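The values are calculated or read from the model by the stated rules, or taken from the named source; none is laboratory data. Every value quoted in this text rests on a predicted model; they were computed, and no experiment measured them. FYI the Cβ positions are ideal-geometry reconstructions off the backbone, even for glycines, and counts take in every protein chain you see. Heads up: the accessible areas ignore ligands, DNA and RNA and are worked out on the full protein's heavy atoms, side chains in. Shrake-Rupley method; radii C 1.70, N 1.55, O 1.52, S 1.80 Å.
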Amino acid sequence: VIDTLPAVAWARSRLGVRLSTPWLVLCASAGVAVASLAEGLSRSGRPGATPLFWGATILILVPATLRMAQTRVRHGERAATLVLVGLALYAIKVLRDPFSFTFADEFPHFHNLQAILSSGRLFGSNSILPITPRYPGVESVAAAVARLAGTSPFVSGLITIAAARMMLMLALYLFYARVSGSPRAAGLGVLVYTATPTFLLWSAQFSYESLALPLATVGVFALVRWQSAPDGAARARWMAVLVLVVVGVVPTHHITAYALLAFLAGTCLLHLLMRQRPGAPLAIAAVTAALAIGWLALAASGTIAYLRPVVNTALAKVLATINGQASTRVLFANQGGAEQTPTAERLIAVAGILVLVAGVAAGIWAVRRQRRASPVLVLLMLASAAYVLTLPLRFVPAAWETASRAGEFLFVGVGLVVALGIVEYILRPGRLPRLRPALAAAAVMFVFASGVIAGWPASLRLAQPLRVRAGGHTLQPPGYVAAAWSGATLGPAQRVAAEDSDARLFLDIGHQTAFSGVFPDVDAVLSDRPPLKAWQRTLLRRNKITLVETDRRKVSTDVIGGYFFDVGSPALSSAAAAAKFDLPGASRIYDSGNIVIYWVRGLW
Amino acid sequence: VSRRSDLALVVAVALLAGILIEILPHTSDFARVALGIPLVLLLPGYALSSAIFSPSELRMSEHLALSIALSVTVTILSALLMNAAHIGLQARPWAAILTLLTIAAALAAARRGHLRELRVGRPRLRSSEVAALAVSVLLLTGAAAFGLTPLAAPRGTQGQTALWIVPAPHRSETVCVGVISDQLHTSDYTLALSVRGRALARFGAIRLAPGASWERAIRVGPGRPPVTGVLATTARPRASVATVSLSDWSIPTASC
C-alpha cells in the first residue's frame with residue numbers, strides 16, 4: 001500500500017527509489033546534513049534555522065515510519081532502521097553542541113570523568129552534584145573508551161552515549177516485539193517513544209541516566225525472554241543476563257535502578273493478581289532489591305538525602321497548588337518564566353498531547369478488545385495511563401521536573417500502547433488504504449514534534465554561539481574565559497561561589513571546587529542587597545570559599561542557557577548586590593564588565 | 001576456534017587491540033580508535049553472550065543488543081574491581097582485563113560449539129542504491145565538517161575585555177597584571193596602575209586583536225601596598241572598561 005502513495009510511487013517510477021535500507025540511510029543522512037545547516041544558521045544568528053530543524057526531523061522520522069508501517073519487512077531491517085533513526089536523532093544533539101558539553105548535568109559528569117582520568121580512581125568529589133561520583137557507571141565506560149581508544153574525554157563521552165542510544169533503540173524494539181508479538185507495532189512503538197519530551201536533547205546528554213535507561217531496557221527485554229524460555233536451562237541463561245544487566249544499572253543511576261525494581265515488582269504483583277504465578281520474576285526482583293540496597297548502604301548513602309528534598313518539595317507544591325496556595329507554572333517558558341515558545345508551536349504541542357492521549361486510549365482499547373494482555377503488557381498499559389495522569393503536574397513549578405523525569409520511564413508504556421492503537425485503528429485494512437500509512441507517519445511526527453516543543457525552551461532548542469570566529473581567532477564566551485583564567489592563574493585548588501551556570505564552568509574549565517544554588521545558600525549571598533551580612537561571611541568561612549564570582553547577567557542563573565555569548569545587551573541584575581564585595585579585605589582581582597572575581601579570604 | 005568463525009574474529013581483534021594498547025598506551029591514532037572502541041563497547045559482551053547462548057537462541061539484533069549491554073556492564077565492573085584493588089584505571093591493566101576476559105569467554109563459547117560461520121556475502125544492491133549510500137557518506141562528512149567549524153558571531157554579539165591582577169608567584173612586592181580581549185574586533189586600551197591613590201605606571205596604547213592578551217609583572221614598592229588598576233579604551237579614556245584592586249597579598253598565584 002505504501003508503495004502506491006503518490007510521492008513514493010513517483011520516486012519509485014522516476015528515480016528508481018524504493019523504501020529500502022539504502023534510501024532510508026540517504027534520507028536520514030540528508031536529515032543530519034539539514035540539521036547541521038540549521039544549527040550553523042542558529043549559532044551564527046541567521047534566519048531560517050527553525051524550519052530547517054523541523055525539516056531534518058521529518059527526513060529522519062517520516063520515511064522510517066512509512067517503512068515500519070509496512071508488514072513484510074524483515075526483523076533485521078526493522079532493527080537496523082530504528083538504530084539508524086536513533087543515531088540520526090542523536091546527531092542533532094551532537095551538532096547542537098559540537099565543541100563541548102553544555103547541558104546542566106553534563107558539567108558535573110564531565111568533571112567526574114576528568115577526575116577519573118587524572119587520578120585513576122573512582123568516587124572523587126563533586127561540589128555541584130555530590131551524589132554523581134557515587135554512581136560512576138557512565139564515567140567508567142567513557143574513561144575506558146578514553147584510555148583504550150585514546151580519544152579525548154569529550155569524544156569518549158559522545159561515543160559512550162552513542163552506544164547507549166544504539167542499545168536503547170535495539171532493546172526497546174526487541175522488548176516491544178516480544179511483548180506485543182507484532183514486529184510492526186514494535187517498530188512503530190520505538191518511533192513513538194522518540195516523542196518522549198526529553199528524548200531528543202535531555203536524554204542524549206552525557207549523564208548517568210542516559211546510559212542506565214538503555215541498560216535497564218535490555219534488562220526488561222531479558223525479563224520477557226526469561227519468561228518465555230522453553231526450559232529451565234534457557235531460563236537460567238536469561239536470568240544470568242538479567243542479573244548482569246542489573247549489576248550494570250545499580251552503580252550507574254539510582255532512579256533507573258529503582259524504576260527497574262518497580263517494574264519487576266509490578267510484574268510480580270500482576271502475575272499474582274492474574275494468577276500466572278510461574279512467570280513472576282520474584283527471585284530477580286529480590287536480587288535487584290538486594291543489589292540496589294547494598295549499593296545504597298555501602299557506596300551511595302547520600303542518595304536518600306539527595307532525593308528526599310526533591311520528592312518532598314514536589315509533593316508539598318502539588319498539594320499547595322491543588323489548595324490554591326501556590327501559583328501554577330507557566331507552560332512553554334524558559335527557566336526564568338518568560339514565555340518564548342511561538343504560538344503555533346504551542347498549539348502543536350497541545351494538539352500533539354491530545355493525539356497522544358487518544359493514542360493511549362485507542363491502544364488500551366485495542367488490547368482489551370483482543371483479550372491477549374500478558375502481565376507485562378498490562379503493566380505497560382498502566383504506565384501509559386500513569387503518564388497521562390502525570391501531565392497536569394507540568395503546571396506545578398516544583399513538580400514539573402519530577403513529572404518530566406518520571407515521564408521517561410512511563411513513556412516506555414506509552415510507546416507500545418500508542419503503536420498498538422495505530423496498528424489497530426489506523427493501519428488496519430479498510431477504506432482509503434493509501435491514506436492510512438501517511439496518517440500513521442503524520443501521527444508519529446506530530447507527537448514527536450509535540451514532545452520536542454514541550455521538552456526544551458524554543459529559544460535554546462538550536463545551537464547558540466559558543467565558539468565564534470573573529471579576526472582569525474576563535475573566541476569563547478565570558479564565563480569560559482573567567483573560569484579558564486582562574487584555573488590557569490590561581491591553580492585548581494580554589495573554592496568558588498558563583499551563579500549556577502558559571503559555577504559549572506569553574507568546575508569543568510577552571511577545575512575548581514565550585515558552589516552554587518542553595519546548599520550552601522550561595523544564591524542568597526550573591527543576590528542579597530548590601531551590606532554583606534555576618535551570616536554571609538560565616539557561610540564563606542565555613543565552606544572555605546576563597547573566590548566569589550559575581551555575574552550581573554541574569555542569564556547566568558539559567559543552567560540551560562547561561563553558557564553562551566550574549567547577543568544584544570543582556571538583562572542585568574542589581575549592580576549594588578554585585579558591588580557589595582568591594583570591601584576592605586577583599587581583592588577585586590578580575591573584571592570583565594559584568595563578571596567580577598573577588599578574592600574573599602580576608603572576609604572570613 | 002574455527003578460523004572462519006565470528007569468535008575467531010573477536011579474539012583476533014581483541015588481541016590486536018590489547019597488543020596495540022600495550023605497546024602504545026598514550027597515543028591516539030586511527031588504529032587505536034578502531035580497535036579500542038570495540039574492545040570496550042562490543043567484544044567482551046559479544047564473547048560473553050556467545051558463551052551463554054547458542055547462535056540458534058539469538059537473532060543477530062538480539063546478539064548485538066546483549067553485546068553492548070554486557071560490554072558496558074563488564075567495563076563498569078572492571079572499573080569497580082580495579083578501584084577496589086587499588087589498581088589505577090590506566091590503559092594497560094584495563095586493556096589486559098578486557099582482552100583476557102574476551103578471549104576466555106570466546107574460548108568457552110567455542111568449547112560449547114557456539115560459533116557463527118563468517119560469510120562474506122555479496123551485497124545485492126542496485127546501482128541507484130550504491131549511489132544513495134555514496135551520497136549519504138558525502139552528506140554526513142559535509143554535515144560533520146560544517147558542524148565543527150566555528151562561524152562568525154551573530155550580529156549584536158557582546159564582546160568583553162577582562163583586566164586582572166594577582167601577586168607574582170614567589171616574588172615579593174611585584175604584581176602581575178593582564179588584559180584579555182574577547183572582543184570581536186581589534187581594540188586599543190590604556191591601563192593605569194596606582195598605589196594608595198598615587199599613579200604607579202601607565203601603559204598604552206595596548207593594541208589587542210580578538211582573542212589576544214597582554215601581561216606584565218610590575219614592581220610596586222616595599223610593604224606590599226594596595227594596588228589599583230583601571231582599564232579604558234583609547235577612544236574613551238575617561239570611561240573605565242574594568243577596574244581591579246589588590247589588597248590581600250596572600251593570593252596563591254600558580255603562574256603569571
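Computed over region B:63-102, the quotient of the alpha carbon radius of gyration and 2.2 N^0.38 Å is 1.20.
All other residues whose Cβ lies under 13 angstrom from that of A:PRO531 are scored, Lys and Arg at +1 and Asp and Glu at -1, for a net of +2.
From the P(r) of region A:47-109, could you give the percentage of C-alpha pairs in the tail past 17 Å? Cα-Cα pairs in region A:47-109 separated by more than 17 Å: 54 percent. Convex hull volume of the C-alpha atoms in region A:118-194, normalised per residue: 131 Å³. Relative to a virtual label point 7 Å from the Cα of B:ALA12 in the Cα→beta-carbon direction, which members of region B:102-130 show backbone nitrogen distances below 20 Å? Under cut-off, by backbone N: B:102-111, B:113-123.
Under Stokes-Einstein, with the Kirkwood radius over Cα pairs as Rh, the value for region A:472-604 at 4 °C and 1.567 mPa s is 89 µm²/s. Placing R0 at 30 angstrom, the Cβ-Cβ distance between B:THR141 and A:VAL155 gives a FRET efficiency of 0.95 after rounding to 0.05. Remark: mean inter-chain Cβ contacts per residue of A:435-445 equal 0, using a 10 Å Cβ-Cβ cutoff to other protein chain atoms. Here the alpha carbons of chain A define both size measures, Rg and Dmax, at 25.3, 83 Å.
Whole-Hz Karplus values for region A:59-64 come out as 4, 7, 8, 5, x, 5 Hz, taken residue by residue from phi with 6.51 cos²θ - 1.76 cosθ + 1.60 and θ = phi - 60°; glycine and proline positions read x.
The heavy atoms of B:VAL13 present about 30 square angstrom of accessible area, all protein chains included, probe 1.4 Å.
The C-alpha atoms of chain B define a longest principal axis, and helix B:60-84 lies at about 50 degrees to it.
Rolling a 1.4 Å probe over the protein heavy atoms leaves B:ARG171 with an accessible area of roughly 130 Å².
Karplus-based coupling profile of region A:479-490, in residue order and whole Hz: x, 5, 4, 5, 5, 5, 4, 4, x, 6, 8, 9, with θ = phi - 60° in 6.51 cos²θ - 1.76 cosθ + 1.60 and x standing for Gly or Pro. When chain A is described by a simple charge dipole with +1 on each Lys and Arg Cβ and -1 on each Asp and Glu Cβ, the residue from A:THR198, A:HIS271, A:ILE131 located farthest towards its positive end is A:HIS271.
Considering all different alpha carbon pairs of region A:341-393, the Kirkwood hydrodynamic radius works out to 12.4 Å. As a check on your grasp of the helix formula, calculate [θ] at 222 nm for the protein assembly as shown: sum -39500 (n - 2.57) over DSSP H runs of n ≥ 4, divide by the residue count, round to the nearest 500. Dividing the helical sum by the residues of the protein assembly as shown leaves -18500 deg cm²/dmol.
Taking the inverse of the mean 1/r over every pair of distinct Cα atoms in chain B gives a Kirkwood hydrodynamic radius of 24.5 Å. Normalised by the number of residues in chain A, the mean separation of alpha-carbon contacts (under 8 Å, six or more apart) gives a relative contact order of 15 percent.
Using only Cα atoms, find the angle between the long axis of helix A:232-249 and the longest principal axis of chain A, and express it within 0 to 90 degrees, rounded to the nearest 10. Between the helix axis and the principal axis of chain A, the angle is about 20 degrees.
With the convex hull of its Cα atoms as the shape, region A:372-484 has an orientation-averaged projected area of 12.9 nm². Size of region B:1-127: Rg and Dmax of its alpha carbons, in Å, are 15.4, 57.
Per-residue accessible area (protein heavy atoms, 1.4 Å probe) orders A:TRP535, A:TRP238 as A:TRP535, A:TRP238, starting from the largest.
The alpha carbon radius of gyration of region A:48-204, expressed as a multiple of 2.2 N^0.38 Å, is 1.19.
Placing unit charges on the Cβ atoms only, positive for Lys and Arg and negative for Asp and Glu, gives region A:404-502 a dipole magnitude near 540 debye about its Cα centre. When the P(r) is computed for region B:102-196, the part past 23 Å accounts for 70% of the Cα-Cα pairs. Annotation: amide H of B:ALA152 within the under-5 Å range of A:ARG469, sequence separation 5 or more or interchain, hydrogens built in the peptide plane. Identify, among A:PRO108, A:ALA443, A:ILE589, the residue whose Cα sits farthest towards the positive end of the charge dipole of chain A, taking +1 on the Cβ of Lys and Arg and -1 on the Cβ of Asp and Glu, with the dipole about the Cα centre. Going by the Cα projections, it comes out as A:ALA443.
The dipole here belongs to the protein assembly as shown: it is taken about the Cα centre, uses +1 on the Cβ of Lys and Arg and -1 on the Cβ of Asp and Glu, and is about 1380 debye. Couplings 3J(HN,Hα) for region A:374-387, derived from phi with the Karplus relation 6.51 cos²θ - 1.76 cosθ + 1.60 (θ = phi - 60°), are 8, x, 5, 5, 4, 4, 5, 5, 4, 5, 5, 5, 5, 4 Hz, where x marks Gly and Pro. Using the Cα coordinates of region B:209-256, the gyration tensor eigenvalues translate into equivalent-ellipsoid semi-axes of 24, 16, 10 Å, sorted from longest to shortest. For region A:228-280, the pair-distance distribution built from all alpha carbon pairs, in bins 5 Å wide starting at 0, is 5, 18, 19, 24, 20, 11, 3 percent.
Take the Cβ atoms of B:THR234 and A:LEU347, set R0 to 60 Å, and the FRET efficiency comes out at 0.65.
Residues whose amide H falls under 5 Å from that of B:THR174, counting only those 5 or more places apart or on a different chain, are B:ALA168, B:VAL220, with hydrogens built in the peptide plane.
Taking every alpha-carbon pair within region B:140-228, the share separated by more than 17 Å comes to 60 percent. In terms of overall dimensions, the C-alpha atoms belonging to region B:174-222 reach 39, 16, 12 Å along their principal axes, ordered largest to smallest. Seen against the Cα atoms of chain A and their longest principal axis, helix A:106-119 is set at about 70 degrees. Ordering B:ALA209, B:GLY45, B:ALA17 by the projection of their Cα atoms onto the charge dipole of chain B, which places +1 on the Cβ of Lys and Arg and -1 on the Cβ of Asp and Glu, puts B:ALA209 at the extreme positive end. Heavy-atom accessible area for A:VAL311, with the other protein chains in place and a 1.4 Å probe, reaches approximately 70 Å².
Around the amide H of B:ALA242, modelled in the peptide plane, lie the amide H atoms of B:LEU231, all under 5 Å away and 5 or more residues distant in sequence or on another chain.
Using Cβ point charges alone (K and R +1, D and E -1), the dipole size of region A:37-166 about the Cα centre works out to roughly 340 debye.
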